[in-house]
Structures are given as C-alpha cells and as structure tokens.
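Report on the structure given below.
The values are calculated or read from the model by the stated rules, or taken from the named source; none is laboratory data. Only a predicted model underlies this, so the values are computations on that prediction, with no experimental measurement involved. Note: ideal-geometry Cβ built from the backbone for every residue, glycine included; neighbour counts use all protein chains shown. For accessibility, only protein heavy atoms count, side chains too; no ligands or nucleic acids. Shrake-Rupley method; radii C 1.70, N 1.55, O 1.52, S 1.80 Å.
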Amino acid sequence: MVRTSALGLVVGAMVISLAGCERSLLAVRRSGDEHYARGEYEEAQADYKQYIERAPGRAEVHSMMGLTLIKLGQPGQAREQALLADTLAQENDDIFANTCQTLFEAKEYEALNRLLRTKTVDRGRSKDFLLLAEFSVKQGDADEAQRAFLVAAQLDGGMSVPPHLGLAKLYLSLQPKPDTQRAVERLRMAYFVDPSNGDVIVLARKMGEIV
C-alpha cells in the first residue's frame, strides 16, 4: 500500500514536470519563424502545426503556414491556409499581401485575381490597387497593371511616388518596344512628389536622365 502510494506520487510529479516543460505559444511561433527564415521548412511546418492545434484562430500563423506549405510543394493546402488567414484578418495588409503571394506561387491565378478585385472594389484604397498592379505585372498583364496604377495615382491625388514609379517601370518593360516617353513623364511626376526618393534617383540615372 505504501509502495503504491509512493509510485503514484512519483508518476504525478513526472506528469507535472513534463507539463511545465511545454513550450509557450510565443516560443512555438518564434521557433517557427526562425526555422522559416533559415529555410528549414519542415521544422517550421511542425512548429506552426503545433501552434494551430493549440490556438487555431491566429491569422498570422495560418498565413505563415501557407507560405511554408508552398515551399514544401503543397499548393492545395497552402491555398486553404492562406485564404483562411485572410478571412480571419480581413483588414490586415501584411496577411493580405502574404495571401496574394501564396496564391500566386500556388498558381491559383483565378482565386488571386478574384480576391484582389474584390478588395479593390470593397475598400477603394490606393495600396490595394498597387497590389493588384504588382501581381498583374507578375502575370504578364500589362493592360490591367496600367489601369491599376492609374487608379492608385488618382486615389492618391497624384501625390505619392509608388503609382508613378510603377508606371515608369511598366512602360520601360513593354515589349517589343519600351514606351520611353511615357516612362520619363511618370518618372518626372515621381521626382516632383519626392525629389529625395532613392528609387526614383536610381531609375533616372539608369535611364540617363539628369536628376
């Protein structure tokens, strides 16, 4: 009887000790992010999976899981995680950008474009149109990219650099012949808005323009 009680106390103490060794959610998330940054995607997946099992409603972790699954060649599951993350945090711009990147890398172009157009219509913000332009460029749709950049510029009253700079780069990339004239016009607009912008200065020098 005494031995049984003693054994029970020892087992109980071991259980308490093991429970106390469980990593905090913060430590799990940090570990996952560190593994991801080092390209250790299987380890990152294990950490994010553990986090989601313990706290399933964290949008940022679902977003990182989506990016990780893309790296592991699992586009279907990555798509699910990315869209879930965006649903959980619809006003989070970083998660929205990650969702778009995940869908693009998963080659889910229809879902990507539908999401981008929905966001631009619903929110009507310049930064959303800039994101639409960015992914239109990546998909080789110059016409859609130009429209999105122009709307972004209009929404900002023409007083922010990214739409003008984006249009300048777009015009320079046109094939078979770049539209240098319009590129220079947009570059000058960008310079007028912010003469000290490093990206504007670098592009001007590459084009042989005097700053």
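Between the helical axis of 142-155 and the longest alpha-carbon principal axis of the chain there is an angle of about 90 degrees. Restricting attention to the chain, lysine pairs at least eight places apart or on different chains and with alpha-carbon atoms under 30 angstrom apart total 26. Between the residues Phe96, Val61, Leu174, the greatest Cα displacement towards the positive end of the dipole of region 54-211, with unit charges on the Cβ of Lys, Arg, Asp and Glu, is found for Leu174. In degrees between 0 and 90, to the nearest 10, how far off the longest principal axis of the chain does helix 109-123 point, with axes built from Cα atoms? So the helix axis and the longest Cα principal axis differ by about 80 degrees. What the Cβ-Cβ distance of Gln181 and Glu43 gives, at R0 = 35 Å and to the nearest 0.05, is a FRET efficiency of 0.10. Solvent exposure of region 60-211 amounts to 52 Å² per residue of accessible area, where only protein heavy atoms count and the probe is 1.4 Å.
Against the chain, whose longest principal axis is taken from its Cα atoms, helix 126-138 shows a tilt of about 90°.
Using a 7 Å offset from Cα along Cα-Cβ at Ala142, what residues in region 152-172 end up with backbone N under 12 Å from the label point? So the set is 169-172. A protection proxy built from the mean count of other Cβ atoms within 10 Å ranks the segments 134-146, 74-86, most packed first, as 74-86, 134-146.
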